[in-house]
Amino acid sequence: MSKKGRVLVAMSGGVDSSVAAVMLHEQGYDVIGITMKTWDYASAGGSSKETGCCSLDSINDARALAVGYGFPHYILDIRDEFGDYVIDNFVDEYIAGRTPNPCVLCNTHIKWSALMKRADKLDCEFIATGHYANIRVHDNGRYVISKGRDENKDQSYVLWGVSQENLARTQFPLGNFAKSEIRQMALDMGQEELAKKSESYEICFVPDNDYRAFLRNKRPTLDQEIGPGNFILSDGTVVGQHKGYPYFTIGQRKGLGIALGKPMFVIEILPESNSVVLGEEHELEKSQAFVRDVNLIKYASLEQSKEAVTKIRYKDAGAQSTLTPKDGNIIQVDFTHNVKGIAPGQSAVFYEGDDLLGGGFLMK
């Protein structure tokens, strides 16, 4: 084994994880590549051309790179675990009137767990991924995730659920690089096709990014179970009908199928009455939120209120806020200024400077 140790690298076949694997290989680590098969894209009714990390092309690309650099590569089939946990949760959350966050669940409960199990079997001390984030040991002995240097690519938001035990064995080789630098590295490696690979921002298991069709495919009786409901205003006035509340998300403006003479947004979803509340843009603004199932990263606990920047969606710039711990692993978030579009089910992630304090799921 290399003096630097053996590392299991999650390789999707994309440019980020591929360069991460080569980077560690060239630094002297004993690298083993692994590609996780999470989903059959075509079987869900997607386009004939598979995209993303689950396609046969992506798996073959990852294997070819590993063979070219002389390190082993394995394929790990986790479709059953992924489907039972991530996809079932995805459907259940929409039916509960919330907007799910599948990437966080996958990282927290599926990918890291699967990687660690295989790392142990292969005598790997570490695992590594192509996430744009950094990790270090804090003065208090805890492992802290911080933002990647490339602000446009920082992925710390989706990592708030990873446990301390798993972070202790995790490496993020790309944390101090910009995306443009990673593409240039791929070119320098002679991997022109890899360097030109486009990025997918879709949910990996939702064909053609059409989550409504996906819900119908997974729950064929959904329309009969839910049925049509009312669009209402915040005062209860009925202004039209819709095809069912699971097909809407907080903040949605387009595709409502109703015209009220001015821009209207989904400001609340009421599953108990199959109602979708519409309002003007300012009605999306709130000054307070509650966050459940909190996982703290930088500190073991919050004993009193703490100032932090809170992000309520991946591309959110973040807002100044005060965090107050409550019973039941819940944190109350009071924003200095109103924030727009708090969607129950999405992640709220807390930052102290560039450091990830922790995160959880937004409540109603």
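The values are calculated or read from the model by the stated rules, or taken from the named source; none is laboratory data. All values reported here derive from a predicted model rather than from experimental measurement. Backbone-built Cβ (ideal geometry, glycine too); neighbour counts: all protein chains shown. Ligands, DNA and RNA are excluded from the accessible area calculation, which covers all protein heavy atoms including side chains. Shrake-Rupley method; radii C 1.70, N 1.55, O 1.52, S 1.80 Å.
Key figures
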item: Probe 1.4 Å, accessible area per residue of the chain, Å²; result: 46 Å²
item: Estimated FRET transfer efficiency when R0 is 30 angstrom, pair Arg136-Ser273 (beta carbons, to 0.05); result: 0.05
item: Test item: Cα-centred dipole of the stretch 49-144, Lys/Arg +1 and Asp/Glu -1 on Cβ, debye; result: 280 debye
item: Aspartates and glutamates with Cα under 19 Å of Lys340, excluding same-chain neighbours fewer than 8 positions away; result: Glu268, Glu280, Glu281, Glu283, Glu285, Asp316
item: Per-pair calculated FRET efficiency, R0 = 51 Å: Lys340 and Lys121 via Cβ, rounded to 0.05; result: 0.65
item: Simple spin-label estimate for Glu151 and Asn217 in nanometres, 7 Å along Cα-Cβ; result: 3.8 nm
item: Simple spin-label estimate for Glu281 and Glu202 in nanometres, 7 Å along Cα-Cβ; result: 2.9 nm
item: Positive-end extreme of charge dipole, the stretch 177-234 - chosen from Val206, Gln191, Gln224 (charges on Cβ); result: Gln224
item: Candidate values (1) 109, 36, 35; (2) 48, 47, 45; (3) 69, 52, 34, label of the one derived for Cα extents along the principal axes in Å; result: (3)
item: Dipole magnitude of the chain, debye to nearest 20 (Cβ charges: Lys/Arg +1, Asp/Glu -1, about Cα centre); result: 200 debye
item: Dipole axis of the stretch 223-327 (+1 Lys, Arg; -1 Asp, Glu on Cβ), positive-most option in Val294, Val276, Leu260; result: Val294
item: Protein accessible area in the stretch 256-364, 1.4 Å probe - carbon and sulfur %; result: 48 percent
item: Ranked by how many other beta carbons lie within 10 Å on average, peptides 303-309, 122-128 from highest; result: 122-128, 303-309
item: Mean Cβ count within 10 Å, highest first, over the residues of peptides 226-233, 17-24, 154-161; result: 17-24, 154-161, 226-233
item: Of Lys254/Lys315; Lys179/Lys315; Lys286/Lys306; Lys4/Lys117; Lys3/Lys197, those spanning more than 23 Å from alpha-carbon to alpha-carbon; result: Lys3/Lys197
item: Estimated FRET transfer efficiency when R0 is 45 angstrom, pair Val67-Asp235 (beta carbons, to 0.05); result: 0.10
